[in-house]
């Protein structure tokens, strides 16, 4: 499978051709053969929205996991709030992407539980909907081994996409670092596993195939252009100081 939007569409077609029902964490329970599609937003909400639109065109609902502690994007900015609401408008679910390395006071699973609940409540204020799922970013062995059952006050509970359920009852496949660790095409076509749990990162997908270096370099360079566009709203007559074509 290549890392293009067309390649992603072909994966969706193959899943359906081989009998997989595309589900979410909320509705797979009655399906004998199903797949959950999940996307961790590590770097770019814009790229996530592009993939969300493609899934909408293919009548697919998936789950997009968003950080509230990212160094790359601010979920509380007007622009990013609009992007997230755009993802929701396509019918997708938004969950929390939790980075425990952000904190120095997580020593027990209970500490992690409390931080996750706090972040989920913050994200809910942004998107205006209840957050019902969480995925972990760079989880520690303690968090993985704990098989967290995440709950807050009242009846609030979050589905943990890293629970043993989604790694034992499902076949988990990921494209982390722009590399499938197992042949996803063959796994789908051979139907060896009745339940699949597929993680993709919208960051890696483009109209045309790009290698790892090109994808990362383009993202780094786009950061300068985004800063320039932000400054346009904050510095009058910016082009008299620096022109857009001077930005690399």
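A short reminder: the numbers here are calculations on the coordinates, not readings from a lab. Keep in mind the model is a prediction, meaning the values are calculated, not measured. Please note: Cβ atoms are built from the backbone with ideal geometry, for glycine as well, and neighbour counts cover all protein chains shown.
Matching residues to (1) surrounded by 22 or more Cβ atoms within 10 Å (Cβ to Cβ); (2) in contact (Cβ under 8 Å) with a residue 60 or more places away in the chain; (3) more than 26 Å from residue 6 (Cα to Cα):
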| position | (1), (2), (3) |
| --- | --- |
| 17 | no, no, no |
| 38 | yes, yes, no |
| 51 | yes, yes, no |
| 58 | no, no, no |
| 61 | no, no, no |
| 65 | yes, yes, no |
| 75 | no, no, yes |
| 86 | no, no, no |
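Residues being more than 17 Å from the chain's Cα centre (by Cα) and either closer than 19 Å to residue 169 by Cα or surrounded by fewer than 19 Cβ atoms within 10 Å (Cβ to Cβ) (or both): count how many of those fall in the stretch 108-128. Give the derivation first.
From the stretch 108-128, those more than 17 Å from the chain's Cα centre (by Cα) are 108-115, 117-118, 121-122, 125, 128; that's our starting set.
Cutting the leftovers down to either closer than 19 Å to residue 169 by Cα or surrounded by fewer than 19 Cβ atoms within 10 Å (Cβ to Cβ) (or both) gives us 108-111, 114-115, 118, 121-122, 125, 128.
The qualifying residues number 11.
Within 19 Å of the chain's Cα centre (by Cα), assigned to a loop (DSSP other than H, G, I, E, B) and surrounded by 16 or more Cβ atoms within 10 Å (Cβ to Cβ), is that true of residue 131? Can you show your working first?
Working: within 19 Å of the chain's Cα centre (by Cα): yes; assigned to a loop (DSSP other than H, G, I, E, B): yes; surrounded by 16 or more Cβ atoms within 10 Å (Cβ to Cβ): yes.
It is true that residue 131 is within 19 Å of the chain's Cα centre (by Cα), assigned to a loop (DSSP other than H, G, I, E, B) and surrounded by 16 or more Cβ atoms within 10 Å (Cβ to Cβ).
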